[in-house]
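Participant: Please see the structure below; I have some questions.
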Amino acid sequence: MVIEISIAIIAFVLVLQSIFIVITLLKLQKVLNNTHEKMHSLDNVFQSFKETSKSINKTVQETGEQIAKQSLVYEDNNKEDKINDILALVALSISLWKKYKKRS
């Protein structure tokens, strides 16, 4: 009789432990599912960040190219202005030389 009661108590304890193990596994599964969802969400954020980074790099590159083009245009215009200034000075010098020659 004592042996049967002991076996019943041990069986009851084993059943309780099994129930606690199942509950713990269910909680763990829920935590893992939440973690998986959060990782998926983080992956989406990372992909978005990656796309934004590419967009920013493209914008920076395009802006750099535009600045370089404007710089070349400015240099070309600046060269033309310098050439025009030199030609104007030469024309003025010739004009003044002619006036000086006429007076002399």
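Participant: Just the Cα atoms of the chain, one point each, no solvent: what log10 I(q)/I(0) does Debye give at q = 0.11, 0.13, 0.22 Å⁻¹?
Facilitator: For the requested q values the scattering log ratios are -0.76, -0.84, -1.09.
Participant: Same structure, new question: When the chain is fully extended, how far beyond the present Cα-Cα distance does Ile56 get from Lys102, taking 0.36 nm per residue of separation? If you can, show how the numbers build up before the last one.
Facilitator: Working: separation 46, 0.36 × 46 = 16.56 nm, distance 6.73 nm.
Length gained between Ile56 and Lys102: 9.8 nm.
Participant: Can you tell me the length gained on complete extension of the stretch Ile19 to Ala68, counting 0.36 nm per residue apart and subtracting the Cα distance?
Facilitator: So the extension gain works out to 10.4 nm.
Participant: Using 0.36 nm per residue, how much length does the chain from Phe12 to Leu28 gain when fully extended, once their Cα-Cα distance is taken away?
Facilitator: Taking Phe12 through Leu28 to full extension adds about 3.4 nm, to one decimal.
Coordinate-derived values only; no laboratory data. The shown structure was predicted, so the numbers you read here are calculated from the model rather than taken from an experiment.
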